[in-house]
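The values are calculated or read from the model by the stated rules, or taken from the named source; none is laboratory data. All figures in this text were calculated on a predicted structure; none of them were measured in a lab. Glycine also receives a Cβ, built like all others from the backbone with ideal geometry; neighbour counts cover every protein chain displayed. Only protein heavy atoms, including side chains, enter the accessible area calculation; ligands, DNA and RNA are left aside. Shrake-Rupley method; radii C 1.70, N 1.55, O 1.52, S 1.80 Å.
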Amino acid sequence: MKPHSSRRALLRAMTGAGLALGTRAALSETPRLVTPAAWQKRGELFRHRGAPKGAWVQNFTSTAEPLGEDRWRLWTSLSGPKGVAKSIGFHEGRIGGDWRRTYAVCTPGAPDRSAALAIGGLPDEWQPVQGVTLRLQDGCSRLYFWAHGPNIVRYLAADSKDGRTFRVINALTPCLYHPGDRAVGGEAAVAAGLNRWAKKKAANLPGEPPAPPALISNDATNVYQLPDGSFELYTVALVSVGRDDPRFAANDNIPGLIRVIDRFTSADGLNWGNRQRVIFPDAQDPVDLQFYYLSVTHTERGRVGLLGHYRLGAQTLDIEPCFSSDGLTWQRPLRQAWMPRDAPGTTAASYLLHAPHALVRHDGLWHLFYTGGNFAHNHRHTHGDAETRAVLLATCAELWA
């Protein structure tokens, strides 16, 4: 087959899989983001130390809060290889200084009010990770996170009046479900386009509703409250492709599934609908490109996105810039990393870059706190003797050129 014929066939396949041709450039003049040269890397801030042994720290999807006097609170979570328990908390410290970690005490009943950070209403063996912390317009705080447990992978919300003691409010009616969750049955999975789970039997508890197809997604998720009080959510959708599809990658951890970005809206941040596909590969992208996450920063000139640029062939993950005026139509002018990964052995950020919840404007600079990993996404190669992650920082004066 000639190259141009192969490209036409690929585009037809993308359209048939629900990946209609990607983001189109606006006909009129559009704003411009700064170039990669605008970012100044500030290096590693901290890695995981001590117990639990073998864990990794990350601020993936998580919030950064300036505390004054050059101090910051970075919400973080712990994860790691199989057998390492997941948990949510925060690190507090100064850039270039020491950082102190605090992790949540989780209980199935009332939150532990003696703890510096507590999550109540979380069933035994459910482990939280990838937290999003919001200060709501009513003055309360809300913590969103993915809960992992026996036959459980679901996106929950926990509310707090003091920002310290949270209580889960939707354990049995979550915001989103991973296909592996107990409430996902084969019929719902097929309706969501995920035929590999066609024979799965739902095992939801008595009184626990089955998962609706429209709420099934992958696990990289960000939530934002908008000025009118409503909410928007960006998450990763999975699209099935066959073995004969050029995008099928046997070296991926989920071969035959393509990661794209969907957006939801909600009046209360708990009941989600209006699902729309907003970012997906197009004819200008390499065949092995998928989108791993979307982090959004709301500015006066529109939304600035940090897009997870995942190359399956190299098993690398970069932060690609994009922008939108409405959260639906996204422009991708660069289509490559906004800042390069580091050289192997210099920092942990040599293979995988994971974005935070949003960029933070503070003391005249935009702060990008991000997580770097030194290993391939499929864990088949590592820069160094052991897999590790670290939280790093980069800054720039302006986002718009």
Extending each Cα 7 Å along its Cβ direction at Arg94 and Ile254, get the distance between those two points in nm, one decimal.
4.3
Can you pull the three principal axis extents for the Cα set of region 88-237, in Å, largest first?
51, 34, 33
Of His298, His178, His354, ordered by accessible area with the largest first and a 1.4 Å probe, the sequence is His298, His178, His354
Around Trp56, under 9 Å between beta carbons, what's the net of Lys plus Arg minus Asp minus Glu among the other residues?
+1
For Asp162, Asp363, the accessible-area ranking with a 1.4 Å probe, largest leading, is Asp363, Asp162
Within a Cβ distance under 13 Å of Leu392, other residues only, what is the Lys/Arg minus Asp/Glu net charge?
+3
Report relative contact order for the chain in percent, whole number only (criteria: Cα-Cα under 8 Å, sequence separation at least 6).
16
Count the net charge of all other residues whose Cβ sits under 14 Å from the Cβ of Cys140, scoring Lys and Arg as +1 and Asp and Glu as -1.
+1
Beyond 27 Å between alpha-carbons counts as too far, so tell me which of Lys161/Lys201; Lys41/Lys82; Lys86/Lys161 fall in that bin.
Lys161/Lys201; Lys41/Lys82
Given 37 °C, 0.692 mPa s and a Kirkwood radius over Cα pairs, the Stokes-Einstein diffusion coefficient of region 315-386 in µm²/s is 237
How much of the accessible area of the chain, in percent, comes from carbon and sulfur atoms when a 1.4 Å probe is used?
50
Over the alpha-carbon set of region 96-175, work out the extent along each principal axis and list the three values in angstrom, largest first.
40, 30, 25
Region 213-256 scanned against label point 7 Å out from Ala267 along Cα→C-beta; backbone N under 14 Å for 229-231
Diffing region 297-308: the Karplus 3J(HN,Hα) column from phi (6.51, -1.76, 1.60, θ = phi - 60°), in whole Hz with x for Gly and Pro, holds 10, 8, 10, 5, 9, x, 7, 9, x, 10, 9, x
For region 85-150, state which trypsin sites (Lys or Arg not before Pro) are in a DSSP loop and have at most 16 other beta carbons lying within 10 Å of their beta carbon.
Arg113
Sort out for me the Cα centre separation of region 360-383 from region 283-316, rounded to whole Å.
14
Within the chain, what's the longest run with no GluC sites (Glu not before Pro) in a DSSP loop and at most 15 other beta-carbon atoms within 10 Å? Give the range, please.
126-299
Probe 1.4 Å, all chains present, heavy atoms only: Arg277 accessible area in Å², nearest 10, is 90
Pop a pseudo-label 7 angstrom from the Cα along the beta-carbon direction at both Asn170 and Ala397 and give the gap in nm to one decimal.
4.3
Spin-label model distance (nm) - Asp326 vs Lys53, 7 Å beyond Cα toward Cβ
5.6
Probe of 1.4 angstrom, ligands and nucleic acids ignored: what's the accessible area per residue over the chain, in square angstrom?
43
Rank these residues by their accessible area, most exposed first, probe 1.4 Å: Ser77, Ser325.
Ser325, Ser77
Can you tell me the equivalent ellipsoid semi-axes for the chain? Use √(5λ) from the Cα gyration tensor, largest first, whole Å.
30, 27, 22
Would you tell me the accessible area of Ser79, worked out with a 1.4 angstrom probe on the heavy atoms of the protein chains, in Å² to the nearest 10?
10
